[in-house]
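To keep things clear, I will list the structure first and then write my remarks on it.
The values are calculated or read from the model by the stated rules, or taken from the named source; none is laboratory data. Remember, predicted model here, so these are calculated numbers, not experimental data. FYI the Cβ positions are ideal-geometry reconstructions off the backbone, even for glycines, and counts take in every protein chain you see.
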Amino acid sequence: MGVPKLSVAGLVLAAGGGKRYGGPKALVRRDGELLVERAVATAREAGCAPIIVVLGASSAEVRAEAKLGDATIVDNEGWKSGMASSLKTGLTALAGTDAQAVVVLLVDTPGVTAEAVRRVSAKAGPDALVTATYGNRRGHPVLLGRDHWAGVATLATADVGARAYLTARAAEVVAVACEDCSDDTDLDVPEPS
């Protein structure tokens, strides 16, 4: 009898207003799909379950337009305060699940692939902290084991997200090379047409 597979959730942070971009990035279309749909599809293809999507800016419009399947949508009423509030909202929503770890995906990094999520998820455990790396730089996706959720939520402020917690525990963070299969470049401004 094999070891039971750990439950790894997917958490898509898609609440921002996209001030520099000119509107919420969750509603940006790329290659025929909304960025929020792409992020959810990436998490699903990688085997994440459950998948939580945190919305904020234009939440009603995203709900009306996006095809997110069985993903659970939660609203972050404090989305204007930054990504940290969305991360906290998502971790709170996951507290009632059996997930032992969560992979965090940002809606504005459409180049992150399911393969990168699978690689990071392969190191999952309730005490795991894992980041994808691109050369010498840490990036996304990031995996947070359940034992760390409270600490991450405590240190997350403004637009920093889990960075402060990961920095404080740098010796525990497992780096997984993903530059050969993924690109975590974020979309800050619209691409020229």
(request) Name, by its number, the condition in (1) within 24 Å of V40 (Cβ to Cβ); (2) of a type in the set (K, R); (3) exposed (fewer than 14 other Cβ atoms within 10 Å of the Cβ) that does not hold for K123. (result) (3)
(message) Being touching a Pro at 6+ places or on another chain (Cβ under 8 Å) and in contact (Cβ under 8 Å) with a residue 12 or more places away in the chain narrows it down to one residue among G22, G125; which is it?
(response) G22
(message) If I filter the stretch 128-153 down to residues being free of Cβ contacts under 8 Å to residues at least 24 places away in the same chain and over 16 Å from L94 (Cβ atoms), which single residue comes out as surrounded by the most Cβ atoms within 10 Å (Cβ to Cβ)?
(response) R137
(message) Within the stretch 87-110, take every residue that is of a type in the set (G, A, S) and at pLDDT below 95 and give me the one that is surrounded by the fewest Cβ atoms within 10 Å (Cβ to Cβ).
(response) G96
(request) With the condition kept exactly as written, say whether any residue in the stretch 50-59 is in a loop (DSSP other than H, G, I, E, B), among the hydrophobic types (A, V, I, L, M, F, W, C), touching a residue at least 12 places away in the same chain (Cβ under 8 Å) and farther than 17 Å from S81 by Cα. (result) no
(message) Out of the helices (runs of 4 or more DSSP H) lying entirely within the stretch 68-169, which hold 1 or more residues that are of a type in the set (D, E, K, R)?
(response) 83-94, 114-121, 163-168
(message) Within the stretch 118-131, does at least one residue satisfy the condition of being over 24 Å from L34 (Cβ atoms), among the basic types (K, R) and in contact with a Ser or Thr (Cβ under 9 Å, 6 or more places away or on another chain)?
(response) yes
